[in-house]
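Remarks on the structure that follows.
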Amino acid sequence: MAASLLSSDGVLESHTVTEIQVWRFLAVVCGLTLLFASLVWNWMRQSELRLAIESDYANWSDPLKQLNSQDRKWMRAATLALWAAVGLVLLTIYISFHYADTSWFSILAWENGVIESIQAGCLLVAGVLLMPMALRDWRRDGKFFSAIGLFFGFLLIVAAGEEISWGQHWIGFETPEALMETNVQGEFNFHNIGSYWINNLLTLFFLAYFGIRPVFEHFYPQLRYVLDRMSMPAAPLLLVPVAFVSVLLDDNDVIMGFWQHPAWRLSEGRELLFGVSMLVVTLLMRRYRSHQASS
C-alpha cells in the first residue's frame, strides 16, 4: 500500500503530491471558516442583535424534536433505505472482482449506470424539494440567511446534472474540443476539469455534513438553530455511521489498495450514499416543515 504512494525512485507520485496539497488547502479553508464564524457570532452576541437572536432562539423549535410516532416510523424506513444503499455498494464491490467484464455489470456500475443514475435522481429530487421550502422561509421570515438554503438546493440540481454529464451519454452529443482537452474523462461536465479535486472536496463535505455535524449538534443545539435558519436540512445521528463508511470508498491508490483494486470506481459508491443521504434529510425537513405550518 505504501508503495503506491511512491514512484520507482522513491519520490512521491505527482497525484499524491496533488492530493496532499488539496487536503492542506481544504484544512486551511475550514480553519479560517470556523475562525470567521466564531468572530461573527461573538460580534453578534455583543451587538444590539444579541437580544433579537436570544429571543428568536428561545422561540425556535428544534426540528428533530418535533417528530411524532409516524415520523419515527418513517425514519426507521429511511434507515433501512440507507443501509440498503450501503449493501448495494458492498455487493457491487464484491461482484466487481468476478463479473466486471459482463454487460449487466456495466449497466449496474459504469457511467450512467444504475448506481450513478440513482445518485443523480436523489440529488435532483432533493434540490427540487429544498428550493421551494427555502423560498417560503425567505418570504415568511424576510431573512437573507434562507437564501443560503435556496442556493444549496440549486447546487444539488447542478450536481445531479454534472453527475450524468448533463445527459450527454443519453442524448449522444460530443464534448466540445476545448473541454475534451481539459476534462480528465473527456465528458461534458465541469467538475472533472484538470483533475478529480472535486472528489476530495465532496468527501470532506459529506463527512462534515453527515458525520461530524450531527454529533456537534447533539451537544450544541445552537448549531442546528443556525443551520435551520439558513433552511439547511437537519442531519440526524443515524447518518453518522453511513458517512464514515463512505470515507472508505474513494478512488485514490491508497484506499483502492485496501480493497485490492476492484474494477469498479469506489467513488461512485460514496457518491451514491451522499445522494441517498441528502434525499433522506430533505424529505425529513419537508415533514417537520409541514408540522410547523400546521401548528
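Coordinate-derived values only; no laboratory data. Keep in mind the model is a prediction, meaning the values are calculated, not measured. Quick reminder, even Gly has a Cβ in these numbers, built from the backbone with ideal geometry, and neighbours come from all protein chains shown.
Packing-wise, with mean Cβ within 10 Å as the measure, how do 202-213, 53-64 rank, highest first?
Numbers: 202-213: 18.2, 53-64: 13.4.
Highest-to-lowest ranking by the protection proxy: 202-213, 53-64.
Would you mind putting 153-160, 169-176, 279-286 in packing order, based on average other-beta-carbon counts within 10 Å, highest first? Provide the component values of the computation, followed by the final result.
Working: 153-160: 18.8, 169-176: 11.2, 279-286: 20.9.
Result, highest mean first: 279-286, 153-160, 169-176.
Determine, for each peptide in 75-88, 218-231, the mean count of other beta carbons within 10 angstrom over its residues, then list the peptides with the highest first.
Working: 75-88: 15.1, 218-231: 17.4.
In descending order of packing, they fall as 218-231, 75-88.
Calculate the radius of gyration of the Cα atoms of segment 73-294 to one decimal place, then report Dmax, the largest Cα-Cα distance, as a whole number, both in Å.
Rg and Dmax of segment 73-294, Cα atoms, are 18.3, 57 Å.
As a footprinting exposure proxy, order 29, 114 by other Cβ within 10 Å, with the fewest listed first.
Ranking 29, 114 by Cβ neighbours within 10 Å, fewest first, gives 29, 114.
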